Amino acid sequence: MRGALGGPRVLLRRLREVMAEQVSAQERLDKIVVLIAANMVAEVCSVYVLRVDGTLELYATEGLNKAAVHQTVLRSDEGLVGLVASEANPINLSEAQNHPAFSYRVETGEEIYHSFLGVPVLRAGNTLGVLVVQNRARRTYTEEEEEALQTTAMVLAEMIASGELSAIAKPGAEPAARRPLHLTGMALNEGVALGHVVLHEPRVVITNFIADDLPKELKRLEAAVETMRSDLDVLLERGEVADGGEHRDVLEAYRMFAYDRGWVHRLEEAVATGLTAEAAVERVQSDTRARMLRATDPYLRERLHDLDELANRLMHHLLGQDYAPARDRLPENAVLVARSMGPAALLEYDRKRLRGLVLEEGGPNSHVAIVARALGIAAVGEITNATGVADPGDAIIVDGATGDVHMRPSPDMEAAYVERVRLRARRQLQYLALRDKACVTRDGEKIELMINAGLAVDLPHIEETGAAGIGLFRTELQFMVAATFPRTAEQFSLYRAVLDAAGDKPVTFRTLDIGGDKVLPYMRNVEEENPALGWRAIRLGLDRPGLLRSQIRALLRAAGGRDLKVMFPMVATVEEFDEAKSLVERELTHLRRHSHKLPEQVEIGTMLEVPSLLYQLDELLDRVDFLSVGSNDLVQFFYAADRGNSRVADRFDAISAPVLRALKVVADKGRAHAKPVTLCGELASKPIGALALVAIGYRSFSLSPSAVGPVKAMLLDLNAGKAAALMQPLIDSPSGSLPIRERLKAFAAEQGLQI
């Protein structure tokens, strides 16, 4: 590349000096455009900054009319500058005025310039502005010149992102880099969180962009790439991924990109422009992210995650940082922002400081959403590019009721939500006033409301909500938060504490439901093509009877002198239930033989989650003491729609004729056999879901603790007989002929029910 000042590396060094000077933001920008113009032998260099209102403002220029600075404002789709910004791609023209997007602004005096090179100013794939050079001569800028300008734009991006330019911005027209953002996604758990961003997989913060020794940086890059490739090779050769499965496919995709010569060549080219190795990785990935975010092909959008992951790994190798973030040192009022995460990862964080969760992926019935509800934190999913627009420490508001996320909210927005939190607190006080009131409908139907729990910290919720007991105690959560496998004595201590906290109220313990996305860190993970349908829950327990027997023994001992209720998850046949029940009977025999104090009564039941049990109900109800319907998995299997997959999670409605018909059969059969039936899925945790269930005959629910108040308030105002009369013709009608959810909403409005 030609250059009056010696090429891009000299330019970057001069830029570093200018960035370090104690001058105003405007003076710094003015010096930068002069440096770039001189280095590129350009007669014009201009910086346009994207503003909060979506327009582009000329912030500095060398060559155009100085009076146009801060006066020329373009729409984001106006002219060549707008095209560069909207498409996040460079535009290189020898005759700009012949381009159909060319827009002439008389105040700039640019009509005498013909050649044009504009590059987007990008950070994490987001456009912050546009950097332009122009010449009178009709010429096409070389690839080296284009590359150099893009590298320079990266340095400008950090200046804009730092907030330095806000001091010279007009009120209401500040740079968009730090603008408040209103993002809308899918509500996962009600509640409002006001706090500060913590990235689940934090981006590496680069402090040194400009290389002092290019050969050294190229060697650093080469060594880091080789280390990363070697690590991926080792991961793929390990036994747990050697036999295939989805995890292996992901790692194979990473390795394919890691060995892609084109990707590595782009990194080397970026270093050659004068960047450090880590800055080169950041630049190449930011360019790639900008293009892929605008792609319509879903395959390409998915590959973006692979490349993000790979770039992050490489950056950590370059800087010698641990890949996993510290999770035990959260700031106060932390709000986690992540692309995706499993329930075990969420449970690793200090829950006392955790207020909210924002995910790019994850539906309302995913396991991580269920754990968020158990933790009582506001959660929203399906927020596009959440990890790209959030910076650690950013102020954030998460509205788990509406699915709204406000990043860097304005003072007015923050004040409005503070008031909303106060209103919510007042509403919670109203629910608290109902705590000791019997849950009986207006026409005298008694409804039993219990809570879902899984950890010792959940136990105060029994007293706080006035619940009738614990209808679902998820024993696997203790195993998921432990660093090593909990011994029988540790399990015994937890189960006894649970029973002590419940007092004379019943507790139903579900045996270990692990597998699928609930992976124990200290157990070998078996990769499967379809983990939700694979080796999990009771299947794992029956194949590893020692694991199940140790848990049952701990439960039986903890319940000595008291009543005990145990149920098995994911049972698909009556034979599986018989086999699991026999393990309980053998443990009872063992404890009798060793003179242990036995429970007063042991009731054994099962979860109904697998549709096959719908066709074995008579045989099953002859064997069990009680039945619990797990509507989350049952509906997932019913529609063959993965509840954690956002693409299919909203393709069906749980409040629909097919589901309600099946659920009604279960309730009717339970009454016919005089066996208690409880529904403990998320369907019952929404007032409208509880309304539908009461209308088809359910009288016992287990809910998330935060749902008890709203559901109880609705039930106290409900006439169950009227609801049943409305529902029967709806579920008898041909499927799809009547929108049941909408009819229930209309019924609630007529009856004055808060749903």
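The values are calculated or read from the model by the stated rules, or taken from the named source; none is laboratory data. Note that the structure is a prediction, hence the values are computed from the model and not measured. Neighbour counts are summed over all protein chains in view; Cβ atoms, including those assigned to glycine, are modelled from backbone coordinates with ideal geometry.
Things worth noting here:
- Note on segment 430-453: residues that are under 36 Å from the mean Cα position of the chain (by Cα) and touching a residue at least 12 places away in the same chain (Cβ under 8 Å) amount to 13.
Conditions tested, residue by residue: (1) modelled with pLDDT of 90 or more; (2) touching an Asp or Glu at 6+ places or on another chain (Cβ under 8 Å); (3) farther than 18 Å from Y349 by Cα; (4) not hydroxyl-bearing (S, T, Y).
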{"residue": "S366", "(1), (2), (3), (4)": "no, yes, yes, no"}
{"residue": "A379", "(1), (2), (3), (4)": "yes, no, no, yes"}
{"residue": "P392", "(1), (2), (3), (4)": "no, no, no, yes"}
{"residue": "D412", "(1), (2), (3), (4)": "no, no, yes, yes"}
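- The single condition among (1) without any contact (Cβ under 8 Å) to a residue 60 or more places away in the chain; (2) within 21 Å of P364 (Cα to Cα); (3) buried (at least 21 other Cβ atoms within 10 Å of the Cβ) that S704 does not meet is (1).
Condition check ((1) under 16 Å from I655 (Cα atoms); (2) touching a helix residue (DSSP H, G or I) at 6+ places or on another chain (Cβ under 9 Å); (3) crowded, with 20+ Cβ neighbours inside 10 Å) across all residues:
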residue: A695; (1), (2), (3): yes, yes, yes
residue: G709; (1), (2), (3): no, yes, yes
residue: L718; (1), (2), (3): no, yes, yes
residue: G721; (1), (2), (3): no, no, no
residue: A724; (1), (2), (3): yes, yes, no
residue: Q728; (1), (2), (3): yes, yes, no
residue: S733; (1), (2), (3): yes, yes, no
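- Members of segment 446-478 that are assigned to a strand (DSSP E or B) and among the aliphatic types (A, V, I, L, M): L449, M450, I451, A453, I470, L472
- Selection status of A667, over 30 Å from P343 (Cα atoms), not acidic (D, E) and not assigned by TED's automatic domain parsing to the domain that holds R562: yes
- Positions within segment 118-140 being in contact (Cβ under 8 Å) with a residue 60 or more places away in the chain, surrounded by 14 or more Cβ atoms within 10 Å (Cβ to Cβ), under 15 Å from V44 (Cα atoms) and touching a helix residue (DSSP H, G or I) at 6+ places or on another chain (Cβ under 8 Å), in sequence order: V130, L131, V132, V133, Q134
- So D653, is it part of a helix (DSSP H, G or I) and either of a type in the set (K, R) or not assigned by TED's automatic domain parsing to the domain that holds D618 (or both): no
- Qualifying residues in segment 43-61 (those that are of a type in the set (D, E, K, R) and in contact with a Phe, Trp or Tyr (Cβ under 9 Å, 6 or more places away or on another chain)) - the one farthest from V133 (Cα to Cα): E57
- If you go through segment 647-685 and keep only what is touching a strand residue (DSSP E or B) at 6+ places or on another chain (Cβ under 7 Å) and either farther than 11 Å from I696 by Cβ or surrounded by fewer than 21 Cβ atoms within 10 Å (Cβ to Cβ) (or both), you end up with A667, G670, K675, P676, V677, T678, C680, G681, A684, S685.
Condition check ((1) of a type in the set (D, E, K, R); (2) modelled with pLDDT under 75; (3) on the phi > 0 side of the Ramachandran plot) across all residues:
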| position | (1), (2), (3) |
| --- | --- |
| E240 | yes, yes, no |
| R248 | yes, yes, no |
| R266 | yes, no, no |
| E282 | yes, no, no |
| Q285 | no, no, no |
| A290 | no, yes, no |
| E302 | yes, yes, no |
| H305 | no, yes, no |
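- In segment 524-559, of all residues being among the small types (G, A, S), in a helix (DSSP H, G or I) and surrounded by fewer than 20 Cβ atoms within 10 Å (Cβ to Cβ), the one that is modelled with the highest pLDDT corresponds to S550.
- The numbered conditions (1) over 20 Å from G191 (Cα atoms); (2) touching a Gly at 6+ places or on another chain (Cβ under 9 Å); (3) among the hydrophobic types (A, V, I, L, M, F, W, C); (4) modelled with pLDDT under 90 are all true for A456 except (2).
- When each of Q728, Q751 is tested for being within 26 Å of Q428 (Cα to Cα), over 33 Å from the mean Cα position of the chain (by Cα) and polar (S, T, N, Q), the lone residue that passes is Q751.
- Complete set of residues in segment 408-431 that are in contact with a Lys or Arg (Cβ under 9 Å, 6 or more places away or on another chain) and at negative phi: Y431
- Segment 582-634 - residue that is buried (at least 16 other Cβ atoms within 10 Å of the Cβ) and hydroxyl-bearing (S, T, Y) and, of those, nearest to V571 (Cα to Cα): T606
- Failed condition for T484, given (1) part of a loop (DSSP other than H, G, I, E, B); (2) assigned by TED's automatic domain parsing to the domain that holds L512; (3) more than 20 Å from Y349 (Cβ to Cβ): (3)
- Every residue from segment 494-517 that is among the small types (G, A, S) and either under 24 Å from A345 (Cα atoms) or in the same structural domain as I370 (by TED's automatic domain parsing) (or both): G515, G516
- The listed residues are A401, A467, A390, A456, and the only one of them that is farther than 19 Å from I370 by Cβ and either in contact with a strand residue (DSSP E or B) (Cβ under 9 Å, 6 or more places away or on another chain) or not assigned by TED's automatic domain parsing to the domain that holds A345 (or both) turns out to be A390.
- Residues satisfying the stated conditions in segment 662-692, i.e. in contact with a Ser or Thr (Cβ under 9 Å, 6 or more places away or on another chain) and assigned to a helix (DSSP H, G or I): L663, E682, L683, A684, S685, G689
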